[in-house]
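Participant: Before we start, here is the structure in question, set down as C-alpha cells.
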Amino acid sequence: MKVRSGLIALCCLSAGSAPAIAAPADDGIRLRAVAAQLYYERSGTLSEDLIARDPPFTGWNTVIGEGDAKEPSEYLLVSVVLANAGDEAFLDDKLTIRVTGENSKKIGERVFSGMLIAHRGSLCLPLWIDDAGCLGAITITATFRKQKVSAPLQLMCGE
C-alpha cells in the first residue's frame, strides 16, 4: 500500500509541475465569404454570385425566371472558400456549410473533413440545394474551427 500511495503522489506532483501545452500556432488558414449561384437548367450555366451582387439580388418567382433571375431556376449552388496563407496542410478539422430557412429550419448541410490545402492556395467547397426557387428568406452559414461566415439571401415567391 505504501508503494502504491507513493506512486500516486509522484504522478500527481509530476502532472502538476508539467509545463502547459501551448496552443497551436496560427497556420494562416481562413474561412472566406460564402457564395450562392443559381443553376439555369435551360442554358446549363450558373448565375453571378447572388450574395456579392451590387445592387442586391431580388429573388422573386425565380422558378419562372422573374426578379433578377436571367432564366427559370430551381437549383442553388452554395460554395465556401477556405484560403491558406501558409504551408501546404492536411486538415482534420471540420468545415460545415449549412442553409437554414425561417425559424432556423435546416434546408441543407454538408460537412467536410480530411482536406488537403495547397501552399498559399485555396479550396472551394460546394453544397447543392434542390427545389430552391421559392425557399423564402434563407441564411447560408459556414463554420471552420472558431471562424464563422454568414450571409442572407431572399428567394421569395408569390402572385
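Participant: Can you figure out the FRET efficiency of residue 130 with residue 93, using R₀ = 30 Å and their beta-carbon distance, to the nearest 0.05?
Facilitator: Between residue 130 and residue 93 the formula returns 0.60.
Participant: Along each principal axis of its Cα atoms, how long is region 27-155 end to end? Whole angstroms, biggest number first, please.
Facilitator: Projected onto its principal axes, the Cα set of region 27-155 covers 46, 32, 24 Å.
Participant: May I ask for the distance between the Cα centers of region 132-148 and region 20-98, given as a whole number of Å?
Facilitator: Each part's Cα centre sits 9 Å from the other's.
Participant: So what are the ³J(HN,Hα) numbers for region 148-159, from phi and the Karplus equation (6.51, -1.76, 1.60; θ = phi - 60°), rounded to whole Hz, Gly and Pro as x?
Facilitator: Working through the residues one at a time gives 8, 10, 10, 8, x, 8, 10, 10, 8, 9, x, 9 Hz.
Participant: While we're looking at this one, here's another question. Ranking request for peptides 99-108, 131-140: highest mean number of other beta-carbon atoms within 10 Å first, then the rest in descending order.
Facilitator: Going by the mean number of other Cβ atoms within 10 Å, highest first, we get 131-140, 99-108.
Participant: Now, a different point. Enumerate the calculated ³J(HN,Hα) couplings along region 73-83 in order (Karplus 6.51 cos²θ - 1.76 cosθ + 1.60, θ = phi - 60°), each rounded to whole Hz, writing x wherever the residue is Gly or Pro.
Facilitator: Coupling constants for region 73-83: 8, 10, 10, 10, 9, 9, 9, 9, 9, 10, 10 Hz.
Participant: Non-local amide H neighbours of residue 132 (under 5 Å, H modeled in plane, Pro and chain starts lacking H): which ones?
Facilitator: Result for residue 132 returns 75, 76.
Throughout, read-outs are computed from the coordinates displayed, never taken from laboratory work. Computed from a predicted structure; not experimentally measured. Ideal geometry is used to build each Cβ from the backbone, glycine not excepted, and the neighbour counts take in all protein chains shown.
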